[in-house]
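A short reminder: the numbers here are calculations on the coordinates, not readings from a lab. Owing to the predicted nature of the structure, the values given are computational and were not obtained by experimental measurement. Every residue, glycine as well, gets a Cβ built from its backbone with ideal geometry; the counts of neighbours run over all protein chains shown.
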Amino acid sequence: MSARRDDDRGSIRMPAPTAWPMLLAAGICLGFGGLVTNAIVTATGAVLAVIAAWGWIREVLPVQHLEEVALRPAALRAKDVRPSTARVDHLEVGQDGHRMRLPIEIHPWTAGLTGGLIGAGVMALVAAAIGVAGYGSPWYPINLLAATVMPSLSQAGTKELSAFDPTAFGIASVIHLLASLLVGALYGLILPLVPRRHALIGGLVAPLFWTGLLWAVLGVLNPALNGRIEWPAFVLSQVAFGVAVGWFVSRSEKIATLQDVSLAARAGIEASGLGKGRDEA
Amino acid sequence: MAVLDRSLESSPAESSARVPVGSILHDWVVTADHKKLGLMYIASGLVFFLVAGVMASMMRIQLALPQNDFLGPNTFNRLMTMHGTTMVFFVGMPMFFGFANYVVPLQIGARDLAFPRLNAFGFWMFLFGGVLLYFSALGSEGLYGAGSTPDVGWFAYAPLTSRTFSRGNATDYWILGILLSSVGSTATAINLVTTVATMRCPGMTLGRMPLFVWILWVDAILVLFVLSPLTAAQVMLLFDRFLGAHFFDTQAGGSAVLWQHFFWFFGHPEVYVLILPAFAIASEVIPVFSRKPLFGYPIMVAATICIGMISMSVWVHHMFVVGLEPGANTFFAASTMAIAVPTGIKIFNWLGTMWGGRIRFRVPMLWCTAFLLEFVLAGLTGVILATVPIDWQLSDSYFVVAHFHFVLIGGLLFNIFAAIYYWFPKATGRMLDEGLGRKHFFWFVLGFNLTFLPMHVPGLLGMPRRIYTYMPGRGWDAWNLVVTIGVAVQAIGILYFLWNVISSLRDGEPAGDDPWDGWTLEWATTSPPPEYNFEEIPTVRSRRPLWDLKHPEDPDWRWE
Amino acid sequence: MSTATAAVPGGLEEATGPLGEDRKGRVGMASLIIAEISFFAVFIVAYLFYLGKSATGPQPGEVLKTPVVATICLLASSVTIAIALRALRAGSLGGFRLWWLATILLGAGFLVATALEWHELIWERGLTIATNLFGTTFYSLVGFHALHVTLGLCMLTFVLVAALRGRLHPEDAERTEILSWYWHFVDAVWIAVFCVVYLTAR
């Protein structure tokens, strides 16, 4: 604290330059360097280090050695920082021409789950219809899905696959419902974050995207399904799912988020100066 | 504009006539001024960087072709050891301490560090340690009679370092050089911790410190925790070699694995000690050139502290191939992946800072932008290597070499260049040339990617690190040739950089006090600053004190 | 913060908080102690890691005796240095000199006890740093502690000389206290060494 406010004296006291720290370092390094060269080097280093340490102590005790550094003449000092003429633009939430679009309102997560269930129903209907049209049996696609975890079915022929199998039906239903709920929940969470074209992205792009993903990995996951799958029919049922979920989620009532509130306020911290700027401190 | 005459930089009394060289040299040797010491740290770091860079180039020439005989195996081992040791201890560390020394007191509105003489001591210990290490080339008796630099690799695994396997004094030079410079580094870290804790100007609460200062503070604290274990391990090794102790002597029941634990307990946090200054620099440069305040300041502080703490519990990921028990492997794989979270937060916050800003792509900003891209790649290969089975496959291969060069060059060195371009005007009063800077940037980034992107591939194909040559026909030949060509391209960039520094020092464009329209306190004083930094100790009311002065209609303290 | 800003815009009074420039010695010493703790921790880990792994004797249980006198000396010196400081604060330089001298004597007593112990171990029991893993880790850990005691004694003696020559004043209490932190640290390390080395050997 004492060093401040002394500019009226025209000089400032700064620690005086000193060679002792450098000599102490040199002494210590020579001292250790002797281990790999010659004992004489160690001896020299030790003597140097003791002398330098003593010099250093004399430099700082009882009071450290300071020197007066004259202040620069006013012309050579830093210029005052002047107010800028540039205008300050604050970024606003949802501002035109700016891509920042935080979801001020989102769909409730329950809408995603319900939508997922509805989508599951629609998709099952479409798949069953395709099964009936192509193979004369609504159980055909169900058995194929169950083949993911049922080795007996993956070796089965078309005839067995067309017959009703209660175990396969149960397993396929669980897989189908879980997957549908999961994807439905993702729809509910992610769709509001997408700036525009919800119908296109939810109904078509997303189903095509995960169909592509499945196409890539299906050979590993479910070889039976991979061998027998008809991709156009598969895509059709996926799109039916996407449209159903997207439709349901987008017509649910939105709820507000706390996105435009500061982190501290959201964390429940009560403090001054949160959110809005203070006019005068 | 008045402070252009560089002879005025230390005091007005010297303004007349030319000062003799001897006197200038004397001034620098006896100085306790944080700015001069900072510049000496940076300059000596650059010199070591060039030396170690030349070593790397020689190794790449040797590896460009299969069964090349440019270097022999012994020379290769020495170069490899000296390159690694130099880059970590005598380039990375002095760069950290150099910028911390120069910038921290200016940014917190202090006249010097807390203990100016200790600062000088720390610098000279570092420098003499480096000199001792390099003296081994002349003074050490190796196996073949001639001088021999250390050749045990930069992490010097036991029992290769025992007297039995490492004759002569080369390994002793390695131990002593690092030991001495580590003592200096610890001293400087103590100094920095104390400075930031006690020397901040009025109004600068912890919440108003520039993030640069925050990160370097955490970094200095980290150094306190991890550098003395290395010192202790080096002392043990010294006892083994000179007194016949058995710490790492496997014949007497000593454990080679214990050395690995001790070394990597230092060695991995060291990576964060080196990379945190890079984060600090990016956190300073990106906001100024995006014309926006830093996004998520408190989260950045929290992420920095998280990184500091987690970094001390990840070291075993260097030792997966040792064959420790699965529980340990699982824990350290998980903690290694966990550290990606705070690091990812930082990346997103820098992107958030740039997003919607009026970005000015001057040279410092170019480096920081390139850093963001390269560092994400480096981090991704890091997470890959943290997976134990993949590490078993890739450990000690060129994939690892490519990974950590991506971290240390794409992460650290890019930001060091950014910092040099950013603060050069403050330190010298002259701008670095923008055109030459862009050429430097272009050639170096091109060469860097040409070198280290392809380097991942021979690693995946099974090429081990630290081999001095290889047989043709293993699918490594073309990749190695490309890597070596990349080194030549990087060298072009470095030549542009050196020419830029030299020519700009002589007749660069005058900088003025505040060339970047910056916001932190160093831009409130002259370029170069007077010995006492500020005529009057400033008072701050927000994280961006100069913004408050430049925009009185909309100061930051209304919002913080 | 909100109440204070009314007086000074932006909260000036918070200036540098409780850690002003006058506290830099304390922060510096605390930092040094952190680094030193880390240093000793490695030697302690090594000692514990190699405990009972020596290929040949002697083992700790066969040769180590509980160093009662040394421990009492060192622990007592932490008390006397605190009393000395209190005397200095109170302006009683005579009391300070007396208790400070007592601290030095106790510290020296500790060193003498250690020297006697080492003499017995080396000359009578034949245990050196090169004998086995126990010798290696024992002498390193205890030796570095003794080195720190020696350095501490040098500094304490320096202060005593200054006090005897009348160069020490109550205003120097802050600096002297910082030195006493170092002494307390050395004492604390001994407690750790005592537990790790001597208690495990019983």
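Here are a few things to note about the model shown:
- Using θ = phi - 60° in the Karplus curve 6.51 cos²θ - 1.76 cosθ + 1.60, the 3J(HN,Hα) couplings for segment B:31-47 round to 5, 10, 7, 4, 6, 5, 5, x, 5, 5, 4, 5, 5, 5, x, 5, 4 Hz; x is entered for Gly and Pro.
- By definition, a body whose alpha carbon gyration tensor gives a ≥ b ≥ c is prolate when a/c is 1.5 or more and a/b is larger than b/c, and chain B fits this prolate description.
- Segment A:171-229: C-alpha gyration tensor shape, a/c 1.5 cut-off, then a/b vs b/c: oblate
- Peptide B:236-249, shielding by other chains (average Cβ, 10 Å cutoff): 5
- Computed from backbone phi with θ = phi - 60° and the Karplus coefficients 6.51, -1.76 and 1.60, the 3J(HN,Hα) list for segment B:111-119 is 8, 6, 6, 5, 10, x, 6, 4, 4 Hz; x is used for glycine and proline.
- The mean number of Cβ atoms from other chains found within 10 Å of a Cβ in peptide B:196-208 is 6, as a whole number.
- In order along segment C:50-60, phi translates into HN-Hα couplings of 9, 4, x, 9, 5, 6, 10, x, x, 8, x Hz, rounded to whole numbers, per the Karplus curve 6.51 cos²θ - 1.76 cosθ + 1.60 with θ = phi - 60° and x for Gly and Pro.
- Contact order, relative form, for segment C:43-201: 35 percent (alpha carbon pairs under 8 Å, 6 or more residues apart, mean separation divided by residue count).
- About its Cα centre, segment B:34-558 has a charge dipole of approximately 380 debye under the convention of +1 per Lys or Arg Cβ and -1 per Asp or Glu Cβ, with nothing else charged.
- Sum of -39500 (n - 2.57) over DSSP H runs of 4+, divided by residues of the protein assembly as shown (222 nm, nearest 500): -20500 deg cm²/dmol
- Dividing the mean sequence gap of close Cα pairs (under 8 Å, 6+ apart) by how many residues segment A:105-256 holds gives a relative contact order of 43 percent.
- 5 angstrom amide H check on A:VAL69, placed H, neighbours 5+ away: A:ILE12, A:ARG13, A:MET14
- Neighbourhood charge, 14 Å Cβ-Cβ cut-off, centred on B:TRP315 and excluding it, Lys, Arg +1 and Asp, Glu -1: -2
- Rounded to the nearest 20 debye, the dipole magnitude of segment C:43-201 is 220 debye, with +1 charges on Lys and Arg beta carbons, -1 on Asp and Glu beta carbons, and the Cα centre as origin.
- Alpha carbon centroid spacing (whole Å) that separates segment B:20-34 from segment A:37-78: 12 Å
- For B:SER397, the residues whose modelled amide H falls within less than 5 Å of its own, excluding neighbours fewer than 5 places apart on the same chain, are B:ARG465.
- Unsatisfied cross-links (Cα-Cα over 22 Å) in the set B:LYS426/B:LYS550; A:LYS79/B:LYS550; B:LYS36/B:LYS439; B:LYS292/B:LYS550: B:LYS36/B:LYS439
- Relative contact order of chain B, taken over Cα pairs closer than 8 Å and 6 or more residues apart, is 17 percent.
- Cα centroids of segment B:248-324 and segment A:119-175: 53 Å apart.
- For the peptides B:107-118, B:439-450, B:493-504, A:68-79, the ranking by mean Cβ contacts within 10 Å, running from highest to lowest, is B:107-118, B:439-450, B:493-504, A:68-79.
- Centre-to-centre separation between the Cα atoms of segment B:213-245 and those of segment A:185-200: 53 Å.
- Shielding by other protein chains, B:177-187, mean Cβ within 10 Å: 3
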